[in-house]
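Structure record follows, encoded as structure tokens.
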Amino acid sequence: MRVYRTAPTRAFTTFSNALLRDATISWCAVGLLAYLVSLPNGARASIRKLSDQRKEGRDRIGAALRELEEARYLRRLTRRDRTGQLRTEYEVFDTPYDPDAPAPAPGSVEAPTAGPVPETAGNPASGDPDYGAPGPLPPGEKTRGKEPPSPAARLLTSLGRSDPRLTLGADEAERLRTLVEEWWSVGASDALIRETLTSGLPARVHAPAALLADRLRRKKPAPRTAAPVHPECDVCGAPVPEGASCARCVPATPAVAGFVAAALRGGASVRQVLRRRC
């Protein structure tokens with residue numbers, strides 16, 4: 001596949017590859033999220049208005065919104081407007097928000113705290129030249145001369161912000177870095193890694209680093225296998241047996257042509273007999 005990109009100078013929105021390649025949500029949900037993020041702050045959106053703008057009906061739009069809500073890309077808030085009537089507002093995030101962050105009070109314009117910003121534009125298997133580019137250093141980091149944490153370590157340390165039982169030190173996260181990178185190498189998304197590491201935890205976690213290391217090793221998904229390639233005719237694209245030629249496009253020898261004609265006549269005779277019996 002060859003991709004041609006333009007460089008827009010106005011009226012454009014930037015998305016991370018981690019969002020667009022999140023395999024935990026459907027294509028419909030990804031497209032809907034991209035549209036919602038592109039809207040200005042304060043824009044009104046509803047299932048009816050969204051379904052009127054595209055071919056998808058209300059059922060598909062509603063299902064996509066539920067996907068985004070379950071994946072923490074969207075949050076619904078019920079508030080009273082100036083007339084005292086209740087109405088539902090959508091809060092949309094370009095990265096899964098932190099479920100422990102409190103929602104803003106009614107009338108507040110401050111946006112809720114989003115989850116950790118994706119540190120990479122994709123995964124190691126994507127060939128993205130921006131993969132692994134470190135983000136900005138915390139205040140004072142340059143003066144101490146300390147290396148910034150790796151993208152994998154940042155993902156691991158961010159788990160403790162949503163669940164204190166999984167709090168890791170910087171050194172512990174760096175020691176587990178290679179295990180996370182192995183998941184990326186087989187095509188796993190950040191969302192899949194988070195779901196695997198945070199779901200079904202015991203009531204008390206005595207050694208979070210050991211628990212995460214065990215899950216990363218034991219539950220690593222298998223590499224994605226390429227779809228089998230079926231041989232096709234070079235002229236018309238019709239499927240043909242391995243090593244064979246298309247009878248419609250490649251002239252056959254008289255013997256082969258006679259055999260094919262006889263087979264076609266026999267098939268027609270059988271179909272005619274079957275029609276009479278029915």
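Where a number appears in this text, it was derived from the coordinates with a stated rule and is not lab data. Worth saying up front: this structure is predicted, and the values here are computed from it rather than measured. Please note: Cβ atoms are built from the backbone with ideal geometry, for glycine as well, and neighbour counts cover all protein chains shown.
Before moving on, here are some points about what is shown:
- Ascending count of other beta-carbon atoms within 10 Å, so fewest first, for 98, 22, 190: 98, 22, 190
- FRET efficiency for residue 7 and residue 198, using Cβ-Cβ distance with R0 set to 51 Å, rounded to 0.05: 0.85
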